[in-house]
Amino acid sequence: MTELGLTIAICTRNRAPLLARCLAALVAAERPSSSFEILVVANDCGDDTVPVAERFADRLPVVVVAEPQGGLSHARNRAIAEARGRLIVWLDDDALVRPAFLCAYEAAMAASPRSSIFGGVIVPCLDGEPPAWLLSGLDLVEGAYAARRRAAADVFANVDADLPFGANYAMVAEVQRRFRFDPELGRRPSNPFAGGEEIAVMRAALAAGHHGRWVPEAIVDHLIGPERQTEAWLWGYFHVDAKQRMAGPPTPLWGRLKAGRAFRRYRQARTTAPPREWLALFVKAAQLAGKAGVRPDL
């Protein structure tokens, strides 16, 4: 197998229109000096994902493989098995790279040969016509949209550090093959809000003595479709995220009472307070409800 410089791994499932936009942005990106491949893993797809990806083969070094077992972790593990690059760069199918993206990762790998993990910048980009309340308070909820902002090439080595997100990060292939993704984590047909598979991998690598650095020049615009610009979707995200962060059973009765009070405060403020004020209460209410194991839906 011929080794390349970079593998850009895109795991996708039934989102052909988004994948087309993602690949179009890669066409417009500056080319690195070393060879690279765009590895598209079609995860249990029933739409035209494969032909859409193949249509870019005359403009990009696209390789398309099918992973029939549904679940993002299964797709990521298939990408690890297929990747030929020395550095595997993970890119979401709804992320649009900026022009310097490929060259930035290539330069970071050359400048930091002892680093095993590299993290890029993720800027939420609200698609369509977002509601005014969301525009007003985007910074309060952008964690739900995988926002990551870095202005310096800081090094990270602590498992408790603020780590990159799966929409835009990279790992040296030799290291990545030793740390595979847990199928019990990550989005899958039975749990679209699940996640954390990439964080678990990075923490395992850091605990084993590897370290990483941020690559502030590797920037993507993360498309946020109208379906994720609703209170119901954000409630689901913050509820599940808080629940997943819990160690042990849900909080006792007092925690459920606290969650109920927080929800009532949010509902009252929703009709009387400015968006930023009620949105902060909304996030707190969703998180407390998740920790208490109550009210899974808004």
*Out of E106, E67, report the one residue that is farther than 24 Å from E197 by Cα and either surrounded by 18 or more Cβ atoms within 10 Å (Cβ to Cβ) or not assigned by TED's automatic domain parsing to the domain that holds L39 (or both).*
E106
_Could you list, ordered by first residue, the pairs with Cβ atoms under 7 Å in which the first is in the range 38-65 and farther than 17 Å from C11 by Cβ and the second is among the charged types (D, E, K, R), at least 6 apart or interchain?_
P61/E37
_Cross-chain or 6+ apart pairs with Cβ under 8 Å, the range 127-148 first and under 14 Å from H222 (Cβ atoms), then acidic (D, E) and buried (at least 17 other Cβ atoms within 10 Å of the Cβ)_ = A144/D241; A146/D92
*asked:* Suppose we keep only residues that are modelled with pLDDT under 95 and over 28 Å from L87 (Cβ atoms) within the range 114-128. Which one would you say is surrounded by the fewest Cβ atoms within 10 Å (Cβ to Cβ)?
replied: G128
_Any residue at all in the range 68-90 that's in contact with a helix residue (DSSP H, G or I) (Cβ under 6 Å, 6 or more places away or on another chain) and modelled with pLDDT under 95?_
yes
_Candidate set from the range 1-30 (those that are β-branched (V, I, T) and not in a loop (DSSP other than H, G, I, E, B)); member that is surrounded by the fewest Cβ atoms within 10 Å (Cβ to Cβ)_ = V27
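The values are calculated or read from the model by the stated rules, or taken from the named source; none is laboratory data. Just so we're clear, the structure is a prediction, and the values are computed from it rather than from any experiment. Every residue, glycine among them, receives a Cβ derived from its backbone with ideal geometry; neighbour counts consider all protein chains shown.
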